[in-house]
Every structure is written in C-alpha cells, then in structure tokens.
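Everything on this sheet refers to the single structure shown next.
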Amino acid sequence: MQKSIFFIFLFSILNSSSLVFSQDAFLAPITKDNSTNLYSLSIYLKTPLQITNLHLDLGASISWVDCIRRYKSSSYQHLLYNTSLCESLETLVSGNCFKKPGPGCFNDSCEYFCENSVTRNVFIGNILLDSLALSTTDGRNLSRLKVVKDFIFACSNTKILRGLPTGVTGVAALGRFNYSLPFQLSRAGSSPAVFAVCLPSSAASGNGVAFFNSAGPYNFLPGIDVSKSLIYTPLLLNPVVGTVIFYTRPSDEYFIGVSSIKVNGKSVPLNQTLLKINEENGYGGTKISTSTPYTVLQTAMFKAVTERFVAEAKAMNLTVTTPVKPFEVCFPAKAIAFTRLGPAVPTIDLVLQKPDVFWRIFGSNSMVRVKAQNVDVWCLGFVDGGPEPRTSIVIGGHQIEDNLLQFDLAQKRFGFSSSLLFKSTNCANFDFTSRK
C-alpha cells in the first residue's frame, strides 16, 4: 500500500509544471525481492521521466542500465572516448558499433566494464548521460522532485541482469567512487557526500528508504529521529580492488574494523590476522554487502562462531535439529519463543574500535525462518565462505534489515542504529504519504 501511494504522489508531481530545485537532500524507496533476497532502489530516469528499478549495490562503482531493451529517452547523450570526463572514469576502453545507432550503440564511445556483483558476470557498455530525478526531503516529509541533468551511467545488455530480481533493469551503484550515485547527487546538491539506507525485512512489510545528501534527521513513525542515536566507527579503505575487472585504485566497497565477535557477551576465539585487511593483496577484513543475502564467514571463523552459538543456545534449552541448506545450524521453530526483537536466541556482537563500541545482532537479524512441507525451523543466518575467501567477514543483507546505516564519506565514518525494532519502529515506517 505504501508503495502505491508513493508512486501516485510522484505521478501527480510529474504532471505539474513546478519541479523545485531548492532542496538538496534526496530520498528513494527500497523494496525487497523475496525470491532472491536482494534489494531494489526506485528512481526516475530518462525524458520523459520513467520509474526505473535498480538493484541496490553498496559496493558498485558506476550505475548501469539495460539499454538494449526499450530504452527510450529524448535527453540521453553519449560520452566520447577522447574527453576529460571519460579519462576521469579511469576506463581504458573505447568502442565502435556496427549496428543501428542508439543508446547502446555508438562509435568512438567511452566504455565501461559493467559487473553484476551477484553472478560476477561482466559486460562492456558505453557511457551515457541522461536526466535522473528523485524526491526531495527534509528527513520527515516528501517534497517535490528534483531533476539532476547529465547523470552518468553505463549501458549494459539484458543478459547481465540474470540473477537480479524480476523487474530490475540495472544497478544503482552506491560505492566509494567519484561517479557512484551518492557522489553524483552530492555534487548536484552542493552537499557533503553522506547517505543512509534502511532495508525492509520483507516485500510484505512495505518500502524501506534511502536518504542522500543528508546526515539527518531520519524520521520514522511514530516520530523517531534515528539519526540522534547512531553509533559510529571509521570507514576503512581496502587498497586493492576486489572486482572481476582490476583497477589500480582502491576498492569502492565499504569496510569496517571488526576487532572481535561475542556471543551472549562471551568472546569467540578468532585469528586476528583474518580480521585485518592485508595491505598488499586486499584479503581479510570485514565489508558490508547488499548483494550477499546472508553474512559469510571464513571457515575457521564460521566454525568458532557457530560452536559458541550452539553452546549458548543449549544453555537456553535450545537443541539443534537437522539443518536446511545453505545453513548449518537450525532449531525447531516450536522450541523458540518470539519477542519484539525476533526469536529469543543468543545475541551476537561485532566489536569494533573499542570494547564498548559494538554492533549487536538480535534474533530478528541473526535467524532465518525456513518453513516448508514437514519442516519448520529457525536457522542461524550465517554461511561458511570457505578457508580462503577474499574477505573474511561479509555482512549480508539479512543482518542489516531494519537497521539504519549511514555512510558519511566526507568524514569517513559509518553510523549504525542496530535493530530499529528495539526502538519500536522499522525501516518500512518512513511516512511516504506525508508531504511538505
């Protein structure tokens, strides 16, 4: 219902002649696809403006859109290879096309490697500039659309969309690159580069929300400004890019410094070397990903965490049962009590730069319900990433649902709320019907 109201409101804006340009904080709805457990960001693109759903990718460098299938716009422009803008994109590829000229076909074009971070498939596409629009906001209410001209993105083909949610036509790149969506919106609004995302826990719960160019307020019903209670930790820079295509610049993904993990307040023995980023090869450390549905741990870390979790659960009279893939630790659903913070299970703390700075994961984010024929279990939503993964800890989408996450690129810090359920609200509780 919220989603329908939101788009009805935006449609009425498009039919008015008074688009405003005075505000510089933007807002966009986020939806969850239950079949892939991935998240989509809804924006407006092209002329006339059209709703465009893009996979929300925290670590991607440049947004990309399928230009092969039904891309119609009167305002798009190609970018030539021998331009300073093309050079600043750090691409060494120019392209020629021998088909009918169009959005995805142009000679001497500046081209970019588009990567699907879910399947790791890659496609070379030319760079386009076109109009983008988002609703403006004061953090409490929706306001009118603001059009951002000459938004820079890459053209992909339709095949690279495989593995992404149905209805998605590309990727919204939110990474630490100068031409990702947050950086382009920052320049358009003459604002510091800061954005926040709040992922919904299901398609049925309603829309989550992304804020751009705003460090707050972030108001959620019933009148809670989440920005006032964020906990901060430094954003770390991984010096080596981890994408399929190698670039000489550092990684555009978001890393934080996890120093230890606790279960029910008890430390888990971990190899400290794995928790740090190797400055030579970029291995190790902890990153946050919206293209990974569940948190992934290096094998030895996974074993240590799950063993401690099972031991603490046993002390709560919970006994493991036959696991359901991809999970390895599950409990009968009927044995677990349910609270406003989700299943009553041991808490998991990601301890950060100080012992008293930690990201607490409650049952709503640590556990996954698997209910099928003759099966009804709660499973620990962490998976084994193998003995030598590139990143030791990848915090996945399920663990950050109903948590507001702020990425302050100007101050190089990461803010998090922990579960909003603790504050009697959630990510679907931004009021998309409230107008200013």
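Where does each of 142-149, 381-388 land if you order them by average Cβ count within 10 Å, highest first?
142-149, 381-388
Would you pull out the residues with amide H under 5 Å of Leu404's amide H, same chain only if 5 or more places away, H placed 1.01 Å from N?
When sequence neighbours closer than 5 places are left aside, the close amide H contacts are Ser417, Ser418, Leu420.
5 Å is the cut-off here: which amide hydrogens, built 1.01 Å from N in the peptide plane, fall below it relative to Ile30, excluding neighbours closer than 5 in sequence?
The answer is Gly208, Val209, Ala210.
Along the Cα→Cβ direction, 7 angstrom out, place labels at Asn82 and Arg140. What is the inter-label distance in nm?
Output for this residue pair reads 5.6 nm.
Mean residue ellipticity at 222 nm from the helices of the chain, using -39,500 (n - 2.57) per DSSP H segment of n ≥ 4 over the full residue count, to the nearest 500 deg cm²/dmol?
Mean residue ellipticity, 222 nm, calculated: -3500 deg cm²/dmol.
State whether region 206-336 is rounded, prolate or oblate according to the following rule on the C-alpha gyration tensor (a ≥ b ≥ c being the square roots of its eigenvalues): a/c under 1.5 gives rounded; otherwise a/b larger than b/c gives prolate, and the remaining case gives oblate.
It comes out oblate by the Cα gyration axes.
How far is helix 2-14 tilted off the main Cα axis of the chain, in degrees rounded to 10, range 0 to 90?
The two axes meet at around 20 degrees.
Give the long-range amide H neighbours of Asp57: residues separated by 5 or more places, or on another chain, with amide H under 5 Å away, using H modelled in the peptide plane at 1.01 Å from N.
Here the answer is Ala172, Leu174, since their amide H atoms fall under 5 Å of that of Asp57.
Using a 1.4 Å probe and counting only protein heavy atoms, arrange Ser251, Ser190 so the residue with the most accessible area comes first.
Per-residue accessible area, sorted high to low, gives Ser190, Ser251.
Just the number please: accessible area per residue for the chain, 1.4 Å probe, all protein chains included, in Å².
Value for the chain: 42 Å² per residue.
When only DSSP loop residues count, what chymotrypsin sites (Phe, Trp or Tyr not before Pro) in region 67-157 have their Cβ near at most 14 other Cβ atoms within 10 Å?
Phe98
Return the unpartnered cysteines for the chain, using a Cβ-Cβ cut-off of under 4.7 Å.
Cys114 - these cysteines have no disulfide-compatible partner (Cβ-Cβ under 4.7 Å) in the chain.
R0 = 30 Å: FRET efficiency of Lys159 with Ser75, Cβ-based, nearest 0.05?
For Lys159 and Ser75, the calculated efficiency is 0.70.
Give, rounded to the nearest 20 debye, the magnitude of the charge dipole that region 26-220 has about its Cα centre when Lys and Arg contribute +1 at Cβ and Asp and Glu contribute -1 at Cβ.
With only Lys, Arg, Asp and Glu charged at Cβ, the dipole is about 500 debye.
Of [x] 65, 48, 45; [y] 74, 48, 45; [z] 74, 47, 40, which is the value of Cα extents along the principal axes in Å derived from the coordinates here?
It is the one labelled [x].
So how strong a dipole does the chain carry about its Cα centre when Lys and Arg Cβ are +1 and Asp and Glu Cβ are -1, to the nearest 20 debye?
With only Lys, Arg, Asp and Glu charged at Cβ, the dipole is about 840 debye.
How much accessible area does Lys276 have with a 1.4 Å probe, in Å² rounded to the nearest 10?
Around 140 Å² of this residue is reachable by solvent.
Using a simple charge model, +1 on the beta-carbon of Lys and Arg, -1 on the beta-carbon of Asp and Glu, nothing else, what dipole does region 224-423 show about its Cα centre, in debye to the nearest 20?
Dipole magnitude for region 224-423 comes out near 400 debye.
Considering only Val329, Ala188, Ala203, whose Cα is most displaced toward the positive end of the charge dipole of the chain, charges sitting on Cβ of Lys, Arg (+1) and Asp, Glu (-1)?
Ala203
Could you tell me which of rounded, prolate or oblate describes region 327-436, using a ≥ b ≥ c as the square roots of the eigenvalues of the alpha-carbon gyration tensor, with rounded for a/c under 1.5 and, failing that, prolate when a/b is larger than b/c and oblate otherwise?
Oblate.
Taking the dipole about the Cα centre of the chain, with the C-beta of Lys and Arg at +1 and of Asp and Glu at -1, give me whichever of Pro293, Asn121, Ile160 is farthest to the positive side.
Working it through, the farthest residue towards the positive pole turns out to be Pro293.
How much of Thr166 can a 1.4 Å solvent probe reach, expressed as accessible area in Å² and rounded to 10?
About 140 Å², ignoring ligands and nucleic acids.
Can you give the local net charge around Leu89? Use residues other than it whose beta-carbon is closer than 12 angstrom to its beta-carbon, Lys and Arg +1, Asp and Glu -1.
Charge balance near Leu89 sits at -2.
What ranking of Trp359, Trp378 comes out by heavy-atom accessible area, probe 1.4 Å, highest first?
Listed by decreasing accessible area, they come as Trp378, Trp359.
What accessible surface, in Å², does a 1.4 Å probe find on Glu328, ignoring ligands, DNA and RNA and rounding to the nearest 10?
For Glu328, the solvent-accessible surface is approximately 100 Å².
Counting only protein heavy atoms, what percent of the accessible surface of the chain is carbon or sulfur at a 1.4 Å probe?
That share works out to 53 percent.
Find which of Val383, Leu145, Gln411 sits farthest along the positive direction of the dipole of the chain, computed with +1 on the beta-carbon of Lys and Arg, -1 on that of Asp and Glu, about the Cα centre.
Leu145
Where both residues lie in the chain, what percent of DSSP beta bridges are antiparallel, nearest 5?
The antiparallel proportion sits near 85 percent.
How would region 202-273 be classified by its alpha-carbon gyration tensor: rounded, prolate or oblate, with rounded meaning a/c under 1.5 and the a/b versus b/c comparison settling the rest?
Verdict is oblate for region 202-273.
From largest accessible area down, sort Asp431, Asp252, Asp108; use a 1.4 Å probe on the protein chains.
Asp108, Asp431, Asp252
The values are calculated or read from the model by the stated rules, or taken from the named source; none is laboratory data. Computed from a predicted structure; not experimentally measured. All Cβ positions, glycine included, derive from the backbone under ideal geometry; neighbour counts span all protein chains shown. Note: accessible area is taken over every heavy atom of the protein model, side chains too, but ligands, DNA and RNA are not part of it. Shrake-Rupley method; radii C 1.70, N 1.55, O 1.52, S 1.80 Å.
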